[in-house]
Amino acid sequence: MFEKILIANRGEIAVRIIRACQEMGISTVAVYSEADRKSLHVQFADEAVCIGPAQAVDSYLDIDNIIHAAKEKKAQAIHPGYGFLAENPSFSLRCEKEGIVFIGPNSRAMDLVGDKVRSRQTVEKAGVPIIPGMKCVLKNISEYEKEADKIGYPLMIKASAGGGGKGMRIVHSHERLKAGLEAGMREAKSAFGDESVYLEKCIQEPRHVEFQILADNYGNIVHLFERECSIQRRHQKIIEESPSQALDEGLRDQMGEVAKRVIQVTGYNNAGTVEFLLDKDRNFYFLEVNARLQVEHPVTELVTGLDIVQHQILIAAGKKLKIKQSSLHQKGHSIECRIYAEDPENNFLPSSGKILFINEPAGPGIRLDSGIYSGCEVPIYYDPILSKLVVWAENREMACQRMVQALEHYVILGVKTSISFLKEVISSPMFRRGDTTTDFIEKQFKDGFALRKDDKKREICLLAAAFLGQNRTYDSGIGKKEHGERSPWQTLGKWRLGRSEESGT
Amino acid sequence: MFEKILIANRGEIAVRIIRACQEMGISTVAVYSEADRKSLHVQFADEAVCIGPAQAVDSYLDIDNIIHAAKEKKAQAIHPGYGFLAENPSFSLRCEKEGIVFIGPNSRAMDLVGDKVRSRQTVEKAGVPIIPGMKCVLKNISEYEKEADKIGYPLMIKASAGGGGKGMRIVHSHERLKAGLEAGMREAKSAFGDESVYLEKCIQEPRHVEFQILADNYGNIVHLFERECSIQRRHQKIIEESPSQALDEGLRDQMGEVAKRVIQVTGYNNAGTVEFLLDKDRNFYFLEVNARLQVEHPVTELVTGLDIVQHQILIAAGKKLKIKQSSLHQKGHSIECRIYAEDPENNFLPSSGKILFINEPAGPGIRLDSGIYSGCEVPIYYDPILSKLVVWAENREMACQRMVQALEHYVILGVKTSISFLKEVISSPMFRRGDTTTDFIEKQFKDGFALRKDDKKREICLLAAAFLGQNRTYDSGIGKKEHGERSPWQTLGKWRLGRSEESGT
Amino acid sequence: MEHEFVVDNKLLKIFLEKKGEQYVVGVDDDQYTADIKNLSPHIVSLKIEDKVYRVFIARSDDGFFVQCRGDQYFIKDSDQDESEVQGGEERSREDMLKIKSTMPGKVIKIEVSEKQEVRVGQTLAIVEAMKMENEIKSSLQGVVKKIFASEGDLVDSDNPIMELEEKKC
Amino acid sequence: MEHEFVVDNKLLKIFLEKKGEQYVVGVDDDQYTADIKNLSPHIVSLKIEDKVYRVFIARSDDGFFVQCRGDQYFIKDSDQDESEVQGGEERSREDMLKIKSTMPGKVIKIEVSEKQEVRVGQTLAIVEAMKMENEIKSSLQGVVKKIFASEGDLVDSDNPIMELEEKKC
């Protein structure tokens, strides 16, 4: 087993990986940018090395600096976390060359699954369903019509050079195809300077369903069931759960087997995730393989009882997977909410600055993977994820109730967060029904999001502010004993204590 | 379902019960003594009523005051927690009379199981094994000798009027019985003024193994498997775990069925615990029924996935138990450590006072049921339990490692706690081996407990103290920017900020 | 004593006076008694007719961040904001001339130059924070008077990146 | 500057001086550089040759409670304790005459009266805290000089419950 691992990441995921290492008796090296000397992940590690300036490109994305730190500290392996260099084949290749174990897939598999076109071709050959459509551009309308009939309606017209929804449109019938194609081409031309468009089957009311996989270096593969991650804003997942409300035993087994086949034919090893779109008629289509530990891995850990990070490390160390598919079960229900530093009432703009105070939810069935503490700074340079609040309960209904309570008890003062918004989503009847599709946020919050607030609570907040303000300015009105009791606490923030000499007991 | 529940308790268990109610949408009423206005359980509830002075006998034990609060607040049910009035039949009877649901067993069953002699007679008739021995005092040595041969050696001589180990002695053979009896009688006479003694089988290397039970009001009973609670000091449990290392499937099933029979023949309902002693030859003996929610219930919750408090409430509200014995499974391993305010280096004397700062462990598999916060007071009037740290992991080895890490990350400054001692116990090879008997602490720490401390860490602690001390006295040496950054934090405790006017940004 | 705060741009008054162990509170025309205790630097416990509220609070430069049972408010000190509250429309027009970032971040691009005319909705600068780009647009027609920041600079949301001059047409 | 602390009854000296962003540290004959940062009111981060230590610290009346990686110390200010450290034996004899509770609690029973003679090991009083009774015994032979507390009183561990007078025999 490794004696020392370097964690090439920051924030909550670095903390989470360090915890796993500590439990396994493995020494840890954190790396940090100049903006992160005071960050939590630095405090949790045994050793820490500064790898450059605040800009990620000069630090967390600088392969040379990270390799240098690993060699200097004699780390035998590197865990990349998610983001940054996690899915960068040059980094994993470099690790291989330097004789450092990269805790993740081999570089060849990473290369393959990172290429959308090649990976789809590979899995399609193995009989894995992909979204019907064609990436090649056709010559004339009649060719498109023939192709469209094959794919079936409704279908999507997409710009070949496209992205971000531009030039994209839905066509519901044969009659409207011609007009749609012409309009799509015009839009594509004006947006990208290239009028090429192609057709793709339109997945209606899609759910994002993905399967967590563990694969060792000897061809043993298990899936740890699905996560549903349909609740997204700006194509970014914000709430994930397991199990999905859309699967039954049969479909789950079927998709799980397909996911394992994807892993097999791509030669993938270590932990990975196979993403699918699931339509309302229970057809599923392969999207891609995420070649890393995912943000949402805790929901799988809570329903299966496996520690995915520890298994990643074991697999990377060459251990054989001892888990059998037949011994794995999903138990209860788990939901994760990603807590971002962002303003839900102002178009989810990121928020940064000093976190003045945190009060964290705790108790039965609550797990908080956090990268922050009272007094820390949220730098502007990186992804604004602060923590992940994850709950587990006997069933989905209880998990929802637990999450609502946990969100209500989660206090972060000083920066804006998505907490109140998440509470609104989990509380909504549509979410409670399990009616979760990828357009959930758009549908539910089409007019934006404004917090419903309670007048009584506002009054209470004002009272508390007045109380603190008053006791700062007017100490004389307070009895000596009470004054002494409170004094150590009253010297915070911009305040000063009037009579500290008297207050020590 | 109840709309409002009064919680007749304080500390971590009151907080835990309030959390369960909140998740079920039930409004909560806390009660508190004058010493507890600032306690955490008061802050968690929707409403709070002061029920008297600090002394428990005038508040938490005052039935009239509590019933009065419940009626005034229109609470439909009372949860007694553990300790205080939890096993007081007059209280549950009074609740019944007042038309308030007591969340616990019916008063008749409570009465029965609360009487050691009657309850042992009852279960013995139903074929439940009890410790061989006789409560009746015999006339002469030869009668004792006959009885002793029936029971077998080694055996215990116990004082009839006894308790706390006084007058108790072990006899290993027939030859030594007479001398032992005479000495025991003398001791009994001098300690209690009554020389009566009786014989009881001596259970060697005993383990304390108990079974958690849920029983509804319609005769449906399930057991939620065992907890082993052998690690005790002064006959008080301090570490509990599930599963027990001493049971295999067969013995577990057998003991579970016996536990259910005990519940059945005593007419017991709601949640309860059947306690056994298990000897090294796998014989088990009924001890008693704990007619309450137990301190250590979380380990069972973590391995079974059931929320025992929520099920207590459901049962009390007249719901039928939907859980089948066959659908219950123990999964993974759970360990609980009770965190007491006490000084392990000074004979475990209780510690009280102000908690200046807390940093809590968190992350995968860690649950903390806590009744304290940074800045709270630990009053001298009540049981010194501060919180319960509970971990879950795939297996016992990983659970131990997780617990050691969690204890190391748990920081409580201001009062002495058992944290360092617990870490020592969990880390010991004997505990790791699962070699846990009720004399574990006596054997392992016969010469008391002294912390092994690390010189480097002491140096680091001194440095930190010097750093803070210096920056309080000598502000001038610090650059302006750094000064500004740090200033809001430097006004704590006995400190004052030198130049607050400059420090606001 | 009476306290004046600004919440959601509304001026609110609270009267608070210690009376024995309790506080007498006046809100609007309502008056009642409250039991208020400081639990720790950032936590206050209020009890009003048996109802208990745990309030989390932190002071910032110009007010308090306060949270009670899931609802969070930013409560501004009234003295710092009286101008803003009273002269609403006037003030906001002035604000619109001072082009600030809505979030602290790094200036990726300045899209205009000094003296250049700009129209409503025109992108003036792009600021990046936390991997997200944000276009800062003009909300009026005018002329760029002065640019304070350069590309690559870190900016906050208090100090303007540039200032415009209104141009009536 | 040099700092003097008392830990486990030993006097320890630490030299600490700021030098740029770092600190120069002297412990015994050792000298090295440390990167020390205040993270929050009760947390200090130290970095020494890439090793990082998170230290939790809280000030009390006469020193600091400090914890680092699971080890906790109470570090006394040296000025408050010089007498105790230097004149060990002398002092402790004086201490033995002042009968204090080892823990804050409530006096359940005073077992002696003033002017009564007491022997080594004799129970003087019983103090209860947190449901546990604790017998306070005499560690020398003497006479009860003065009793300060009555049954039912709350006592702490700083102020004596009674005072004895030594009686040589």
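The values are calculated or read from the model by the stated rules, or taken from the named source; none is laboratory data. All values reported here derive from a predicted model rather than from experimental measurement. With ideal geometry, Cβ positions are generated from the backbone for all residues, glycine too; neighbour counts draw on all protein chains shown.
Give the residue that is surrounded by the most Cβ atoms within 10 Å (Cβ to Cβ), with candidates limited to residues of region A:96-141 that are hydroxyl-bearing (Ser, Thr, Tyr) and under 17 Å from residue A:261 (Cβ atoms).
Residues of region A:96-141 hydroxyl-bearing (Ser, Thr, Tyr): A:107, A:119, A:122.
The next check asks that each one be under 17 Å from residue A:261 (Cβ atoms); those that pass are A:119, A:122.
Values: A:119: 24, A:122: 17.
Out of the qualifying residues, it is A:119.
Filtering region A:342-360 down to residues that are within 14 Å of chain D (Cβ to nearest Cβ) and touching a Ser or Thr at 6+ places or on another chain (Cβ under 6 Å), which residue is nearest to residue A:299 (Cα to Cα)? Only one residue tops the list, namely A:358. Selection over region D:31-57 of residues that are surrounded by fewer than 16 Cβ atoms within 10 Å (Cβ to Cβ) and either closer than 18 Å to residue B:471 by Cβ or within 12 Å of chain A (Cβ to nearest Cβ) (or both) gives a count of 3. Would you check if there is a residue in region A:445-468 being crowded, with 24+ Cβ neighbours inside 10 Å, modelled with pLDDT under 95 and in contact with a Ser or Thr (Cβ under 8 Å, 6 or more places away or on another chain)? Looking for residues that are crowded, with 24+ Cβ neighbours inside 10 Å, modelled with pLDDT under 95 and in contact with a Ser or Thr (Cβ under 8 Å, 6 or more places away or on another chain), one finds none in region A:445-468, hence no.
Answer yes if at least one residue in region B:285-293 is crowded, with 19+ Cβ neighbours inside 10 Å and within 14 Å of another protein chain (Cβ to nearest Cβ), and no otherwise. Taking every residue of region B:285-293 in turn, at least one turns out to be crowded, with 19+ Cβ neighbours inside 10 Å and within 14 Å of another protein chain (Cβ to nearest Cβ).
Among the residues examined, residue B:358 qualifies as touching a residue at least 24 places away in the same chain (Cβ under 8 Å) and either outside any strand (DSSP E or B) or farther than 17 Å from residue B:238 by Cα (or both). Can you spot a residue in region B:340-350 that is under 21 Å from the mean Cα position of the chain (by Cα) and closer than 27 Å to residue A:327 by Cβ? Checked region B:340-350: no residue is under 21 Å from the mean Cα position of the chain (by Cα) and closer than 27 Å to residue A:327 by Cβ. Just to be sure, is residue A:402 of a type outside the set (A, V, I, L, M, F, W, C), more than 26 Å from residue C:41 (Cα to Cα) and surrounded by fewer than 20 Cβ atoms within 10 Å (Cβ to Cβ)? So residue A:402 fails the test. Being within 7 Å of chain A (Cβ to nearest Cβ) and buried (at least 16 other Cβ atoms within 10 Å of the Cβ) is the filter here; which residues of region C:1-22 pass it? C:3, C:5, C:7, C:12, C:14, C:16, C:18, listed by residue number. Cβ-Cβ distances below 7 Å connect the following pairs, each with a first residue in region A:113-130 that is not assigned by TED's automatic domain parsing to the domain that holds residue A:86, a second residue that is charged (D, E, K, R) and not in a helix (DSSP H, G or I), and a separation of six or more residues or different chains: A:113/A:288; A:114/A:87; A:116/A:288; A:117/A:135; A:119/A:288. So for region B:256-272 (the condition being more than 14 Å from chain A (Cβ to nearest Cβ), under 15 Å from the mean Cα position of the chain (by Cα) and surrounded by 24 or more Cβ atoms within 10 Å (Cβ to Cβ)), does at least one residue qualify? Looking for residues that are more than 14 Å from chain A (Cβ to nearest Cβ), under 15 Å from the mean Cα position of the chain (by Cα) and surrounded by 24 or more Cβ atoms within 10 Å (Cβ to Cβ), one finds at least one in region B:256-272, hence yes.
Screening C:28, C:81 for residues that are more than 8 Å from every other protein chain (Cβ to nearest Cβ), at pLDDT below 90 and at positive phi leaves exactly one candidate, C:28.
Can you find a residue in region B:42-55 that is away from chain C (no Cβ under 14 Å), under 24 Å from the mean Cα position of the chain (by Cα), more than 26 Å from residue A:366 (Cβ to Cβ) and touching a residue at least 60 places away in the same chain (Cβ under 8 Å)?
So far as region B:42-55 goes, yes, one or more of its residues are away from chain C (no Cβ under 14 Å), under 24 Å from the mean Cα position of the chain (by Cα), more than 26 Å from residue A:366 (Cβ to Cβ) and touching a residue at least 60 places away in the same chain (Cβ under 8 Å).
Tally the residues that are of a type in the set (Gly, Ala, Ser) and either touching an Asp or Glu at 6+ places or on another chain (Cβ under 7 Å) or under 21 Å from residue B:227 (Cα atoms) (or both), restricting the search to region B:407-443.
Restricting attention to region B:407-443, the residues satisfying the condition of being of a type in the set (Gly, Ala, Ser) are B:414, B:418, B:420, B:427-428, B:434.
Those still in the list that are either touching an Asp or Glu at 6+ places or on another chain (Cβ under 7 Å) or under 21 Å from residue B:227 (Cα atoms) (or both) too: B:418, B:427-428, B:434.
The number of residues fulfilling the criteria is 4.
Modelled with pLDDT under 95 and either more than 20 Å from the chain's Cα centre (by Cα) or within 14 Å of chain C (Cβ to nearest Cβ) (or both), is that true of residue B:363? Write out each step before concluding.
Values: modelled with pLDDT under 95: yes; either more than 20 Å from the chain's Cα centre (by Cα) or within 14 Å of chain C (Cβ to nearest Cβ) (or both): yes.
Considered against the rule, which asks whether it is modelled with pLDDT under 95 and either more than 20 Å from the chain's Cα centre (by Cα) or within 14 Å of chain C (Cβ to nearest Cβ) (or both), residue B:363 comes out as yes.
Among the residues of region B:322-341, is there at least one that is buried (at least 22 other Cβ atoms within 10 Å of the Cβ) and at positive phi? Scanning region B:322-341 turns up no residue that is buried (at least 22 other Cβ atoms within 10 Å of the Cβ) and at positive phi. If a residue counts only when it is more than 10 Å from chain D (Cβ to nearest Cβ) and in contact with a strand residue (DSSP E or B) (Cβ under 6 Å, 6 or more places away or on another chain), which helices (runs of 4 or more DSSP H) contained entirely in region B:376-462 have at least 1 such residues? It comes to B:396-409, B:419-427, B:440-444. Could you please let me know if residue A:72 is over 29 Å from residue D:40 (Cβ atoms) and either among the hydrophobic types (A, V, I, L, M, F, W, C) or away from every other protein chain (no Cβ under 11 Å) (or both)? Against the criterion (over 29 Å from residue D:40 (Cβ atoms) and either among the hydrophobic types (A, V, I, L, M, F, W, C) or away from every other protein chain (no Cβ under 11 Å) (or both)), residue A:72 does not qualify.
If you go through region B:278-287 and pick out every residue that is under 30 Å from residue B:315 (Cα atoms) and modelled with pLDDT of 95 or more, you end up with 3. The numbered conditions (1) touching a helix residue (DSSP H, G or I) at 6+ places or on another chain (Cβ under 9 Å); (2) within 14 Å of another protein chain (Cβ to nearest Cβ) are all true for residue B:299 except (1). A residue that is at pLDDT 80 or above, out of contact with any helix residue (DSSP H, G or I) (no Cβ under 6 Å at 6 or more places or on another chain) and either assigned to a helix (DSSP H, G or I) or on the phi > 0 side of the Ramachandran plot (or both) can be found somewhere in region A:469-482.
One residue stands out in region D:1-27 among those that are of a type in the set (Phe, Trp, Tyr) and free of Cβ contacts under 8 Å to residues at least 40 places away in the same chain: the one that is farthest from residue B:466 (Cα to Cα), namely D:23.
Results for (1) more than 23 Å from the chain's Cα centre (by Cα); (2) at pLDDT 80 or above; (3) within 14 Å of another protein chain (Cβ to nearest Cβ), shown as yes or no for each residue.
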residue: C:92; (1), (2), (3): no, no, no
residue: C:105; (1), (2), (3): no, yes, yes
residue: C:110; (1), (2), (3): yes, yes, no
residue: C:126; (1), (2), (3): no, yes, yes
residue: C:131; (1), (2), (3): yes, no, yes
residue: C:144; (1), (2), (3): yes, yes, no
residue: C:148; (1), (2), (3): no, yes, no
residue: C:159; (1), (2), (3): no, yes, yes
